[in-house]
1. Kindly state which helices (runs of 4 or more DSSP H) lie completely within region 209-314 and contain at least 1 residues that are small (Gly, Ala, Ser).
2. Please work out which one of (1) touching a residue at least 40 places away in the same chain (Cβ under 8 Å); (2) over 30 Å from Lys196 (Cβ atoms); (3) open to solvent by less than 40 Å² (accessible area, probe 1.4 Å); (4) among the hydrophobic types (A, V, I, L, M, F, W, C) is the condition Ile252 fails and give its number.
3. I need the full set of residues from region 507-524 which are open to solvent by 10 Å² or more (accessible area, probe 1.4 Å), among the aliphatic types (A, V, I, L, M) and at pLDDT below 95, in order please.
4. For His396, which of the numbered conditions (1) within 22 Å of Leu162 (Cα to Cα); (2) touching a Ser or Thr at 6+ places or on another chain (Cβ under 8 Å) fails to hold?
5. Taking the condition acidic (Asp, Glu) and within 19 Å of Arg180 (Cβ to Cβ), does Asp522 pass?
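The values are calculated or read from the model by the stated rules, or taken from the named source; none is laboratory data. This structure is a prediction, so every number in the text was calculated from the model and none was measured. For neighbour counting, all protein chains shown are included, and Cβ atoms are generated from backbone atoms with ideal geometry for every residue, glycine included. The area values use the complete protein model at the heavy-atom level, side chains included, leaving out ligands, DNA and RNA. Shrake-Rupley method; radii C 1.70, N 1.55, O 1.52, S 1.80 Å.
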Amino acid sequence: MTDRSGITRRDFLNGALLALGSTLLPPLALGNDLDRWLADDDYPPRRTGLRGNHPGAFETAHALAWTGKGDWGPVTEPDGADYDLVIVGAGISGLAAAWFYQQQQGPQARILLLENHDDFGGHAKRNEFVVDGQTRLSYGGSQTMQTPGRYSRTAVFLLRDLGVKLDRFVSAYDMTFFQRHALRPATFFEGKTYGKASVVPFTLTDVSWGVPGIARSTLSPEQAVERMPLASRAKEQLLRILTGGDGALDRITAEARFSYARATPYFTFLREQLLVDDPDVFRMLRSLPAEYTGQGADTLSTLEALALGLPGITERAIADRTPTRSGPVTPDESEPYIHHFPDGNASIARLLVRRLIPRVAPGATMDDVILAPFDYGRLDRPDSAVRLRLNSTVVHVAHEGTPHQADRVLVTYVLKNRTYRVRTKHCVLACYNIMIPHLVPELPQEQKDALRQAAKAPLVYTAVSLRNWRAIRELGLGAAECPGSFHQSVLLDYPIRMGGYGSSDDPAHPMILTMIHVPLADQYGTPPREQFRQGRVKLFSMPFAQFETAVKEHLDGMLGPGGFDADRDIQAITVNRWAHGYTYQGSALYDPDVTGERGPHVVGRRSLGRITIANSDAGARAYMDAAIDQAWRAVQELPGSS
């Protein structure tokens, strides 16, 4: 990987996330309120309602993990001959593992991928809508190839073989869209929290890094704060945060400033150095980093807050005292955030599936995959060397004999309440690593204990299909931070034109909004592990109706002044609920010893006989390239790999 000289948003995410602790959750409140949004379609990307960790995808795994269920009934062996490789999980890492194995062993290698969801790609989820005859695409999870110039040679080689050309995104992303339509970032204050719904065309952080080309606010901090529905005391303190960053650490000796910023919680810094104590101010700041970190600002260090662009401190406050080895501190990335397919990284998953099982879809380029029709009926055919079996939850993996002497692995899975078993020469576990101790009882206890720390942070990407975006254009709203709201941020469809598909440039045409919700703990200062546990409980307890109500009330309050009416203008809602979202990545305050190179995941990913472990969890980095790199490592560790 390319060496980094600074602390950036990506660097933060490479070392700031915490694992979720396992917990027994309350019964899932499904209710009977899905019918309105469920698409009557056998094509998974067009299914709406609760997606992500959707009903039917997790119940078997929860029975295994929560109750220790081991009796799954009579076992059938459906496929006859042995496989060369069985992969548990058909996300990016599992698909990449299949590709690497095929590259080594040849196209004749028999590979079976088992996936518990009803679609492939994992978090690289494609959301597809048909609105008034027009196809609209969005992402339901993995959004982009962030800073691909820093990818490993392995990841770059795979992408090139798939036909991905990074310079294509330069012409595909319309850098003039937001300014052409005068769309600016804004802060939305909902009426329930602030007394009256209002939109102020100003944000507390610079959103332009994640929304390239967006017009800047024309308001000064003083003008913006004056328009916010806050008491005078809160306004005075917030303005102090927005304008006083260069001198934020003047109370600290020059030699101690970097150490202070690294070790001091952000909210403690605000209290001690900027004399902030107003609860409305802390409430506004808390949710700002949630969509990037899976946690609130109350659990960040001051240095992490700076790296994420949170207000109150600038690089100048500590840069000239920063140790040389650490380099400059900057909230910006060296590459523009433009490497999006219209459906996010779902197109990478589709490119991999098409390469592995060519008869699934026509075409051969990164452009033609966008609208290529995928025949899901061809994913699992006996005449194909590679088979991808959806809705199949693995419950047991064991060597047929002792791990170091066996020549086969037995993989047991549940599909439609029936139990099946397949035999394979090799097995790669590319699933959530926290499930592996339950799947592989023969693992050493030390490794099981390490894997149990590899859980993920919960989050929700809600895709809202609008019949038009006239109200958005009328209000000039390009992106919104929404402190105090259920959905903490709102993003417009990225302006991408690729493969015959183009995002809407006419306000009278359909538009997809992405609304992001991260469930935070009720109590400030709750350690991230506990925040994640509580958040997961909340997500699994929410019926779809709660998400739907939150969407409609939010958009009516924010866009209503522009003529928007939720009941009229919303065509469909897809709630991509990821109770297990961002991978475990450590935290400067709570787990500073976890990085991509060290931590429990290093012990957790050890191979055992013919079983190896992939997934981005195994690299403690929540990025697509990490998923690819760990797939490559897992395949190299298989006995007999070249």
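1. Details: elements: 221-227, 232-243, 257-263, 266-274, 279-286, 290-293, 302-307.
Per the criteria, 221-227, 232-243, 257-263, 290-293, 302-307.
2. Of the numbered conditions (1) touching a residue at least 40 places away in the same chain (Cβ under 8 Å); (2) over 30 Å from Lys196 (Cβ atoms); (3) open to solvent by less than 40 Å² (accessible area, probe 1.4 Å); (4) among the hydrophobic types (A, V, I, L, M, F, W, C), the odd one out for Ile252 is (1).
3. From region 507-524, those open to solvent by 10 Å² or more (accessible area, probe 1.4 Å) are 507-509, 517, 520, 522-524; that's our starting set.
Still in the running and among the aliphatic types (A, V, I, L, M): 508, 520.
Correct list: Leu520 only.
4. All conditions are met except number (1).
5. Details: acidic (Asp, Glu): yes; within 19 Å of Arg180 (Cβ to Cβ): no.
The answer is no for Asp522.
Residues are listed down the side, and each one gets a yes or a no for (1) open to solvent by less than 10 Å² (accessible area, probe 1.4 Å); (2) at pLDDT below 95; (3) under 19 Å from the mean Cα position of the chain (by Cα); (4) among the β-branched types (Val, Ile, Thr):
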position	(1), (2), (3), (4)
Glu291	no, yes, yes, no
Gly294	yes, yes, yes, no
Leu308	yes, yes, yes, no
Val329	yes, yes, no, yes
Ile338	no, no, yes, yes
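Yes/no per residue for (1) assigned to a strand (DSSP E or B); (2) in contact (Cβ under 8 Å) with a residue 40 or more places away in the chain; (3) more than 17 Å from the chain's Cα centre (by Cα); (4) surrounded by fewer than 21 Cβ atoms within 10 Å (Cβ to Cβ):
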{"site": "Glu530", "(1), (2), (3), (4)": "no, yes, yes, yes"}
{"site": "Arg536", "(1), (2), (3), (4)": "no, yes, no, no"}
{"site": "Val551", "(1), (2), (3), (4)": "no, yes, yes, no"}
{"site": "Gly557", "(1), (2), (3), (4)": "no, yes, yes, no"}
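Table: residues versus (1) under 18 Å from Asn576 (Cα atoms); (2) at pLDDT below 95; (3) surrounded by 23 or more Cβ atoms within 10 Å (Cβ to Cβ).
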| position | (1), (2), (3) |
| --- | --- |
| Asp11 | no, yes, no |
| Pro26 | no, yes, no |
| Arg51 | yes, no, yes |
| Trp66 | no, yes, no |
| Pro78 | no, yes, no |
| Ile87 | no, no, yes |
| Gly94 | no, no, yes |
| Pro107 | no, no, no |
| His117 | yes, no, yes |
